[in-house]
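Data block below; observations after.
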Amino acid sequence: AGGRFKLVDNKIKVANGSLLDFEVNTLHQIQVRTTDGEGDSYLQSIAISVLNVNESPTSLTLSNNNLAENTGLNGIIGTFTSADPDLGDTRTYTLINGLGDIDNSQFTIVGDKLQLKPNSDFETKSSYQLRARVTDAGGLSYDRALTINITDVNEAPTALNITNTSLAENASVGTIFGDLSAIDLDKDETQTFSLVASTCQRSGRIDIRASVKYQCH
């Protein structure tokens, strides 16, 4: 430990470029010799204690930055972790104002879990920006801006439209009488159409000579 300290006259000082780190070593031993004018000397070992000082967290990480759409209200995105030179230091995570806090109001933090308040919908909003802070037990903190991406999930069409459902009797083979279109939440989704066999069940009869109602699937 002698290299970490130096003597200037009768004063012990920390040597230039030396860093005393409580988390690495809490005690250093040095040997000091005193010599009188006649050349006689005395050697003694001195223990120097390093006291702990609270240090700021040095990083803030989110385990995941992507959330699939339609996850639901308060969908969990990821878990916060952080680094701190102080061993065993407790830390809390919060959302704060500052650079990158555009969508802070859309998030909540429960413990160390980041959650998105609204249901995630890629077609409505594909990314969010927030600013988070980790604070240690001594009140020191570290901030970081984060971007959360909403990933697209294919969604089924929700409706089918036809421009016309009437056809004149005796229409020739190949007569076009209507155009089909589908409503789909996925933007720019291509659609194909096909005829499928239906299963119909008689659900009631108004007049056997007039008409029969059917429920078809």
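No lab work stands behind these numbers, since they all come straight from the coordinates. It should be emphasised that the depicted structure is a prediction, and the values quoted were computed from it without experimental measurement. In this analysis, Cβ positions are derived from the backbone assuming ideal geometry, glycine residues included, and neighbour counts consider all displayed protein chains.
Could you give the size of the charge dipole of the chain about its Cα centre, using +1 on the Cβ of each K and R and -1 on the Cβ of each D and E, expressed in debye and rounded to the nearest 20?
The dipole of the chain has a size of about 540 debye.
What ³J(HN,Hα) values, in whole Hz, does the Karplus curve 6.51 cos²θ - 1.76 cosθ + 1.60 give for the range 14-29 when θ = phi - 60°, with x put for Gly and Pro?
Each residue of the range 14-29 in turn: 6, 5, 4, x, 8, 10, 8, 10, 4, 6, 9, 8, 8, 9, 10, 10 Hz.
Of the peptides 45-57, 124-136, 98-110, how do they stack up when ordered by the mean number of other Cβ atoms within 10 Å, highest first?
Highest-to-lowest ranking by the protection proxy: 124-136, 98-110, 45-57.
I'd like the GluC sites (Glu not before Pro) in the range 81-185 restricted to DSSP loop residues with at most 11 other Cβ atoms within 10 Å, sorted by number.
E169
Which of the lysines could a cross-linker span from K117 if the Cα-Cα distance has to be under 24 Å and same-chain partners fewer than 8 positions apart are dropped?
Those lysines meeting the cut-off are K125, K187.
Can you compute 3J(HN,Hα) from phi for each residue in the range 97-108, using the Karplus curve 6.51 cos²θ - 1.76 cosθ + 1.60 with θ = phi - 60°, rounded to whole Hz and x for Gly and Pro?
7, x, 4, x, 8, 3, 10, 3, 5, 8, 10, 9
Taking Cα pairs under 8 Å and at least six residues apart, what relative contact order does the chain come out at, in percent?
The value is 14 percent.
Projected onto the charge dipole of the range 103-181 (+1 at Lys/Arg Cβ, -1 at Asp/Glu Cβ, origin at the Cα centre), which of N161, T124, I148 gives the Cα projection farthest towards the positive end?
Of the listed residues, the answer is I148.
Which of the aspartates and glutamates could a cross-linker span from K6 if the Cα-Cα distance has to be under 18 Å and same-chain partners fewer than 8 positions apart are dropped?
K6 reaches D21.
HN-Hα J couplings of the range 121-130 from phi, Karplus 6.51/-1.76/1.60, θ = phi - 60°, integer Hz, Gly and Pro as x?
Result, ordered by residue: 9, 4, 5, 8, 7, 9, 7, 10, 10, 9 Hz.
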